[in-house]
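Below you'll find the structure, written out as structure tokens, and then a few comments.
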Number of protein chains: 2
Amino acid sequence: MSTLRRMSYAGKKRKLDKTRQDRVYFDSYSDVTVHEEMIADYVRTNTYRTAILKNSELIRGKVVLDVGAGTGVLSIFCAQAGAKKVYAVEACSIAEQAVEIVKQNNVEDVVEVIRGTVETVELPEKVEVIVSEWMGYALLHESMLNSVLYARDRWLKAGGLILPSRAELYITPISDPVVEDRLYFWYTVKEQYGVDMSCMSNFARRCIKNSDIIVSNVAMEDVLSHPARFAELDLHSVTVEELRTVKGRFTCESFGSAAVNAFCVYFTVTFPCPEKPHSLVLSTSPFYPETHWKQAVLYLDSPVEVVQDTPFSGEVSMFPSEDSSRHICIHVDYTIGEQKEQSKTFSIPDWTAEPQP
Amino acid sequence: MSTLRRMSYAGKKRKLDKTRQDRVYFDSYSDVTVHEEMIADYVRTNTYRTAILKNSELIRGKVVLDVGAGTGVLSIFCAQAGAKKVYAVEACSIAEQAVEIVKQNNVEDVVEVIRGTVETVELPEKVEVIVSEWMGYALLHESMLNSVLYARDRWLKAGGLILPSRAELYITPISDPVVEDRLYFWYTVKEQYGVDMSCMSNFARRCIKNSDIIVSNVAMEDVLSHPARFAELDLHSVTVEELRTVKGRFTCESFGSAAVNAFCVYFTVTFPCPEKPHSLVLSTSPFYPETHWKQAVLYLDSPVEVVQDTPFSGEVSMFPSEDSSRHICIHVDYTIGEQKEQSKTFSIPDWTAEPQP
């Protein structure tokens with residue numbers, strides 16, 4: 001859905017003051033493209049819909065809070081599941097469209113759209129259910145999880161339901177052929193135009209294999225091991241303090257011979273489900289159908305050759321960037337086979353530079 | 001080549017001070033992606049190469065200035081064509097790679113890379129030839145043409161050669177199916193998820209059919225008339241003052257029945273050529289192979305039905321944005337068939353907002 005507007009960019013860092021950050025954050029949800037992409041993401045929207053409808057016994061007759069409601073689609077699912085009242089809290093101007101959509105679906109008696117941040121709005125009552133689609137790239141990049149936890153602590157009755165109720169983070173080594181193709185490109189220029197540009201390959205390596213987190217779809221066949229879970233967040237109990245650093249150790253073993261040139265980080269979120277198997281998972285794994293979250297790719301400085309069963313181990317830490325608290329950094333300490341431990345810290349670039357022809 | 005890094009974005013306007021503008025402009029050429037895209041653009045690079053080699057009689061033994069040399073590839077083509085000396089002037093840090101590439105091709109006696117802007121560098125002599133790849137999106141967006149004209153007036157000997165020597169701008173009405181598909185998407189949501197979101201279509205129309213210039217590849221079959229040339233720039237005579245507004249009238253007639261929903265603007269540049277047909281054209285027309293410039297698409301507020309031979313007429317003006325002098329605006333006054341004249345002003349958005357999952 002975002003194919004109309006694609007660009008190559010040169011990642012730039014820029015310090016934004018807090019107000020400016022929040023304005024960019026809330027404004028950027030007003031453009032239709034991002035909502036189109038989210039609604040058109042069938043894995044996302046249909047898993048939420050299924051989770052809400054399957055939990056209708058726990059939702060029917062109850063009061064629900066939708067944190068960051070956007071176009072209000074999850075709130076309407078809750079109304080369809082029999083909720084008595086849904087407070088759809090949305091800070092950005094898309095709340096105006098949510099009001100229209102609620103009317104168009106004849107649920108304005110149930111769904112009340114409230115424009116504001118969940119930290120500042122006053123609800124007339126506590127709620128029995130919180131629903132939210134708060135996940136960002138690599139789970140925590142520009143995520144609304146802190147707001148969901150605030151809402152839980154302030155508005156959720158004891159024993160209430162949170163949808164989703166758990167999040168898990170995974171890491172796996174991969175062999176990304178595109179980056180090696182891009183480096184090799186510079187060796188092909190001489191044949192094409194009679195100018196030897198092979199020395200650009202080193203520069204390209206420094207530019208491409210930098211510390212940016214690249215959000216892209218990893219092909220299943222490029223994954224080199226069973227993914228390793230390195231962190232789990234229980235949304236009923238995790239605290240804002242604990243989110244300041246989300247970290248955990250991992251171990252895995254290579255599927256076969258390959259050159260590892262990156263790690264891939266992705267997440268799942270899990271909904272409780274009264275039916276067997278008692279849970280429903282929204283997965284952004286490269287082994288499952290694509291979502292608009294894709295995967296987070298972290299390039300190593302140079303590829304490492306591995307063989308069947310070469311062990312990988314290490315620790316991943318995720319924490320907010322100093323420049324912008326909504327931007328996530330991922331630090332990886334890792335050992336591959338007999339190599340000594342290496343470390344690299346990655347961050348999602350600001351897309352503030354301009355594309356150039 | 002830019003497929004690794006694609007994003008959807010919400011266009012934002014931001015005033016940049018002049019220094020910041022220039023820094024962004026020069027810095028963004030340092031990333032390898034943009035150079036990879038330019039070198040990998042076979043139409044671009046091979047047309048320059050052919051034009052330089054075919055003009056070798058005029059280049060052999062002569063002094064050449066390459067304005068905005070980048071990786072230095074055009075300078076090396078000139079050395080291969082027999083230039084006595086090539087000054088490769090490049091303001092950004094890619095000049096360091098140009099130095100390496102020049103050495104790797106054993107032309108360091110001929111090609112001298114000079115880091116600086118052409119407005120500030122001092123050359124030891126006047127030149128007989130200026131070569132430059134200065135064209136931006138829609139020809140003039142963030143283009144270096146002013147710098148080329150400065151170089152011409154300051155450093156080119158009377159009767160010298162400029163490659164390319166002419167630029168032409170074209171407009172044609174098109175019927176873009178993607179935008180209508182995107183608007184229709186909101187009517188399909190109810191069937192998929194049981195929530196009627198058709199009222200989002202109006203919001204989507206306002207967001208998508210805004211005044212942004214969209215840079216994308218127009219399919220040949222979506223073009224609705226023979227393109228009309230509305231401006232021509234002779235690089236030997238055009239002045240910086242004349243570039244403040246580039247404008248011209250156009251008329252064309254519809255190929256058949258369709259709903260016009262946009263105009264497409266594109267350019268060609270022409271090189272003199274001693275061989276027949278005495279010129280060589282680098283075209284970014286939708287009827288020719290794709291280039292990294294693609295085309296500039298300007299959406300009308302609503303589609304207009306036309307039939308075979310429906311006349312289009314109007315005037316196009318291109319001028320720098322008030323916010324940022326390197327950003328181009330395109331104003332179109334147009335009449336379609338019996339409709340009264342309409343006007344719309346478009347601009348290339350700043351890609352400064354952040355992508356959001």
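Checking the structure you have, find out if any residue of segment B:67-86 is in contact with a helix residue (DSSP H, G or I) (Cβ under 8 Å, 6 or more places away or on another chain), on the phi < 0 side of the Ramachandran plot and touching a residue at least 60 places away in the same chain (Cβ under 8 Å). Yes, segment B:67-86 contains a residue that is in contact with a helix residue (DSSP H, G or I) (Cβ under 8 Å, 6 or more places away or on another chain), on the phi < 0 side of the Ramachandran plot and touching a residue at least 60 places away in the same chain (Cβ under 8 Å).
Between A:LEU145, A:LEU163, which is outside the structural domain of A:ASP31 (by the TED database) and closer than 23 Å to A:TYR42 by Cβ? Don't jump to the end; show me each part of the working.
On the way: A:LEU145 fails: closer than 23 Å to A:TYR42 by Cβ.
So the residue among A:LEU145, A:LEU163 that is outside the structural domain of A:ASP31 (by the TED database) and closer than 23 Å to A:TYR42 by Cβ is A:LEU163.
With the condition being over 17 Å from the mean Cα position of the chain (by Cα) and either crowded, with 16+ Cβ neighbours inside 10 Å or at pLDDT 95 or above (or both), I'd like the strands (runs of 3 or more DSSP E) fully within segment B:264-335 carrying at least 2 qualifying residues. So that I can check it myself, show each step before the final result.
Details: elements: B:279-283, B:295-306, B:311-320.
Result: B:295-306, B:311-320.
Of the residues making up segment B:34-50, those that are buried (at least 19 other Cβ atoms within 10 Å of the Cβ) and polar (S, T, N, Q) are B:THR45, B:THR47.
Is there a residue in segment A:336-346 that is under 18 Å from A:ILE214 (Cβ atoms) and either crowded, with 20+ Cβ neighbours inside 10 Å or among the hydrophobic types (A, V, I, L, M, F, W, C) (or both)? Checking segment A:336-346: at least one residue is under 18 Å from A:ILE214 (Cβ atoms) and either crowded, with 20+ Cβ neighbours inside 10 Å or among the hydrophobic types (A, V, I, L, M, F, W, C) (or both). Checked against the criterion of being surrounded by 19 or more Cβ atoms within 10 Å (Cβ to Cβ) and either away from chain B (no Cβ under 12 Å) or touching a Phe, Trp or Tyr at 6+ places or on another chain (Cβ under 6 Å) (or both), the candidates A:MET144, A:MET135 yield just one match: A:MET144. In segment B:248-263, which residues are of a type in the set (S, T, N, Q) and assigned to a loop (DSSP other than H, G, I, E, B)? Across segment B:248-263, the qualifying residues are B:SER254, B:SER257.
Just give me the residues in segment A:191-249 being away from chain B (no Cβ under 14 Å) and of a type in the set (Val, Ile, Thr), in sequence order. Within segment A:191-249, A:VAL223, A:VAL238, A:THR239, A:VAL240, A:THR245, A:VAL246 meet the criteria. With the structure loaded, tell me whether B:GLY116 is over 30 Å from B:CYS264 (Cα atoms), modelled with pLDDT of 95 or more and surrounded by fewer than 18 Cβ atoms within 10 Å (Cβ to Cβ) or whether it fails that test. For B:GLY116, the condition - over 30 Å from B:CYS264 (Cα atoms), modelled with pLDDT of 95 or more and surrounded by fewer than 18 Cβ atoms within 10 Å (Cβ to Cβ) - is met. Determine, yes or no, whether B:LEU140 is within 25 Å of B:PHE312 (Cα to Cα) and either hydrophobic (A, V, I, L, M, F, W, C) or more than 20 Å from the chain's Cα centre (by Cα) (or both). Answer is yes for this residue. Within segment A:210-231, the set of residues being over 17 Å from the mean Cα position of the chain (by Cα) and surrounded by fewer than 19 Cβ atoms within 10 Å (Cβ to Cβ) comprises A:ASN210, A:SER211, A:ALA219, A:MET220, A:GLU221, A:HIS226.
Of the residues making up segment B:157-184, just one is among the hydrophobic types (A, V, I, L, M, F, W, C), surrounded by fewer than 20 Cβ atoms within 10 Å (Cβ to Cβ) and either within 28 Å of B:TYR48 (Cβ to Cβ) or at pLDDT 95 or above (or both), namely B:ALA158. Of the set (1) away from chain A (no Cβ under 11 Å); (2) in contact with a Cys (Cβ under 9 Å, 6 or more places away or on another chain); (3) among the charged types (D, E, K, R), all apply to B:LYS84 but (2).
The values are calculated or read from the model by the stated rules, or taken from the named source; none is laboratory data. As the structure is a computational prediction, the values presented were derived from the model and not from experiment. Cβ sites come from the backbone with ideal geometry, for glycine too, and all protein chains shown count toward neighbours.
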